[in-house]
1. I'm told Asp195 meets every condition in (1) assigned to a helix (DSSP H, G or I); (2) within 20 Å of Asp112 (Cα to Cα); (3) acidic (Asp, Glu) except one. Can you identify the failing condition by its number?
2. Asp113: exposed (fewer than 10 other Cβ atoms within 10 Å of the Cβ), under 18 Å from the mean Cα position of the chain (by Cα) and more than 26 Å from His7 (Cβ to Cβ), yes or no?
3. Scan the strands (runs of 3 or more DSSP E) fully inside the range 1-88 and keep the ones with 2 or more residues being more than 18 Å from Trp105 (Cα to Cα) and of a type outside the set (Asp, Glu).
4. Being modelled with pLDDT of 90 or more and in contact with a Gly (Cβ under 9 Å, 6 or more places away or on another chain) is the filter here, so list the residues in the range 1-40 that pass it.
5. If you scan the range 79-119, which residues turn out to be touching a helix residue (DSSP H, G or I) at 6+ places or on another chain (Cβ under 7 Å) and under 20 Å from Ser136 (Cα atoms)?
6. Right, His126: at pLDDT below 95 and either surrounded by 11 or more Cβ atoms within 10 Å (Cβ to Cβ) or out of contact with any Asp or Glu (no Cβ under 7 Å at 6 or more places or on another chain) (or both) or not?
7. If you scan the range 172-192, which residues turn out to be in a helix (DSSP H, G or I) and free of Cβ contacts under 8 Å to residues at least 24 places away in the same chain?
8. Name the single residue, out of those in the range 162-171 being assigned to a helix (DSSP H, G or I) and within 13 Å of Val130 (Cβ to Cβ), that is nearest to the chain's Cα centre (by Cα).
Amino acid sequence: MISGYYHARPARAHKWGVGKAARECDRIEIWKLEEKQSDVALALHSFSDAIDGEVDQIILVTNDSDFEPAMQLIREHTSTIIGLIAPIRPATGDVNTRLAKHAHWIRRHILDDEISSSQLPSMVRHHQNVVYKPLSWYPRPDLLIPIYKEAKRVRGSAGAARRWLNQPCLHLAGRIPITMCEHEDSARDLRNYMDRYARDFGLSAVRLNRR
């Protein structure tokens, strides 16, 4: 894994205004987030692996022209195959031509299943800390977030709610609650079970409106 870092610094920028050019809008204080070293590190490692003969194929998932020099050098100095995956939303553009000319093959989409299988687990331990996957990364956050809030209320903490959501539940026929939040019908079954659980243990069920 090649990692970079984010740098945050105070800055001033023009506030967006309907029908106004940037110079006509007021300037406001903002936090400017900048990604550092990631692109350079990936480009250098890609070229290094290719020139050393450690890989037969390199696949870049990008549409950023910053990778053009590395792709050009790999094509000129090695026999490594270069694949380019450039996810492009319909009617928003096309693959960067400066990258396309150096690629052996091009793909313009990534499947949802491929993204899901490439994500880190729902919980990652780092020393004494635990990092949880953001709820917005799941397939249906609109179904999951209200259920998570109710689980947190009933279980008493965010950690307890997360543990319950990610473990098979005997009362749900062994299903994992968080996976039930991917579809309307199963999420409804889960919420009905949670309401019954809350009533049985003297906890008033709270209906959370989904936006």
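The values are calculated or read from the model by the stated rules, or taken from the named source; none is laboratory data. Since the model is a prediction, treat every value here as computed from it, not as a measurement. We place every Cβ from the backbone using ideal geometry, glycine too, and count neighbours over all the protein chains shown.
1. All conditions pass for Asp195, except number (2).
2. The answer is yes for Asp113.
3. In the range 1-88, the matching strands (runs of 3 or more DSSP E) lie at 5-14, 27-36.
4. The answer is Glu24, Cys25, Asp26.
5. Selection gives Gln119 alone.
6. yes
7. Leu172, Thr179, Met180, Asp185, Ser186, Arg188, Asp189, Asn192 - these are the residues of the range 172-192 that are in a helix (DSSP H, G or I) and free of Cβ contacts under 8 Å to residues at least 24 places away in the same chain.
8. Per the stated criteria, the residue is Arg162.
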